[in-house]
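The values are calculated or read from the model by the stated rules, or taken from the named source; none is laboratory data. Only a predicted model underlies this, so the values are computations on that prediction, with no experimental measurement involved. Don't worry about glycine lacking a Cβ; one is built from the backbone with ideal geometry, like all the others, and counts go over all protein chains shown. Just so you know, the surface numbers come from the protein's heavy atoms only, side chains and all, with ligands and any DNA or RNA stripped out. Shrake-Rupley method; radii C 1.70, N 1.55, O 1.52, S 1.80 Å.
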Amino acid sequence: MLNKINRYLLLNYPQIWNTRLVPMLLTALILHVVYFMMGYGSIYNISFFHSPYEYVNGRIHLEAQHALFGLILFIIIVIWLFHYLRNNPFKSYYPVSKLYLVKEFGLILIIFLSLVSIFHTFQYGRLVKMRHLSANIDDKKEADAINTGLAFLPHVIMDYEKSFSCEEEEIFNKKIQQYEENNQCGGVYPNRLFEIDMQIYKRDYKFSYYCRTKVENGTLSNKDINAIVKRWINNHQIDSIEMAIQKVCKIADQYKINHNIQAKKCAEYCFADTINYSPMYIYSDYDGLSESGASEELYNMINSSYYMGFDKLGYANTSVNEIRNQSFWNVTNLFISIYIAIGLSLVLLLFRLLRFKPWIVGILGIGVVVICGAILSISIDSAEEMYYIYVIFTLLCGIAALMMISKSQSKLVSAVFLIWFVTFAGALIPATFMNIYYQTAANWACDGNKYILYSPEHPIHSWINDNWNTINAINSGFILCYVLFMLIPLSYKWQANASE
């Protein structure tokens, strides 16, 4: 049965075997499985959520894995290219149709897409592992618990200063709003009025001034936290404060964040006359992994005997929230992979269709053109003028290639022009939309402190800003179209022209 299938495919779809599609797809499938396992295994435990860069040994091991499988992939591609380029029908004067070349390009594109996308599989493995580790975490409720508990564990002293209270914050925001209304063109914002005493220990720090949310994805606002703090402090609800601190410690244990917090004592400290720089009232934002060192001395405000990785708590909760809302299908990254696969396919197809000498001259010529363009951009201080030069140059290359190949003129020069057009035309649509974007922006100026609008923003300006994925999709289709309807027919005609 298998022999019959092989014979059928060989007789009806020979390009499948010429491109070694089946073995390469099987290789890509194996690599996808391997990279998924690498991604899944690269995250050891839940502490990754707050310290993703602390696994020194793990990073070295992972980098070694990437290097090993990258080398294997490189060897596989080289072996495949050796077999693929060895069977060139043009070199052997074997008659092929344009449809054959179209199918062959499609197969090459499939191969490169399957190989380029292994990085996405690696990222998906990491995403699956992180979602598995955080499956039982209610990030919203946890954020509220962190925001409430940290209000009674002072580790940033200025959070408890009067000028940062909710009342002062509201007054400050009104001043900023009023300033912006009177100064529409911007300017230097007025300095905030801090209540500063040169004797630092006599500053006014109180729990009732606290108006912060350390984690942004909770349901409680700054004012909600401030109301809770005032109510528990004024009513001397020491049990409520102790329970809130215990919840923070429990969350820290859950994420494997080292700490030394005694909930009962910390709750009692909240009813002192004031907050000052005494170790009794200020807690180090420190994970306790290292007992001494210059870095900790610079990092901590004070070497308190009570410590916790407060920043790590917020970082971990934010990471969990991002994982919950993150979609694996990132359209921007998908288009990056598509562009890379198309680019590699075009480089290989040009080499196969136009042979080595025109190909190497065209590739080296691209470098010369880019350098000349960079030098020209220094003397032309206008992005719009550079855009028009780029468009004219690209179109001239396409017209020159079309006319020279049609008239059977110089094979080398015509092939170079064709390579240049195929290379530079890939950015025509994005560059055009970008030029339109800048040309349709609002035209305004400042008269004193007032904002004067001469011409409003055109609707297409906002559309372009919000639809780059659509533009990339259109551009990908455009590239495929000129490959199928210009490159392949012209290269087919180029091969039929007499050699020089």
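Beta carbons within 10 angstrom, averaged per residue: use that to sort the peptides 456-467, 427-438, 155-166, highest first.
Values: 456-467: 13.3, 427-438: 15.8, 155-166: 18.2.
Ranked from most to least packed, the peptides come out as 155-166, 427-438, 456-467.
Largest first, what is the accessible-area ranking of Val331, Val96 with a 1.4 Å probe?
The ranking, largest first, comes out as Val331, Val96.
How many angstrom lie between the C-alpha centres of segment 372-428 and segment 117-160?
Going from one Cα centre to the other spans 51 Å.
Can you sort His132, His120 by solvent-accessible area, 1.4 Å probe, largest first?
My answer, sorted largest first, is His132, His120.
Just list whichever of Lys129/Lys223; Lys140/Lys230; Lys230/Lys265; Lys223/Lys256 have alpha carbons separated by over 26 Å in the model shown.
In this structure, Lys129/Lys223; Lys223/Lys256 exceed 26 Å between Cα atoms.
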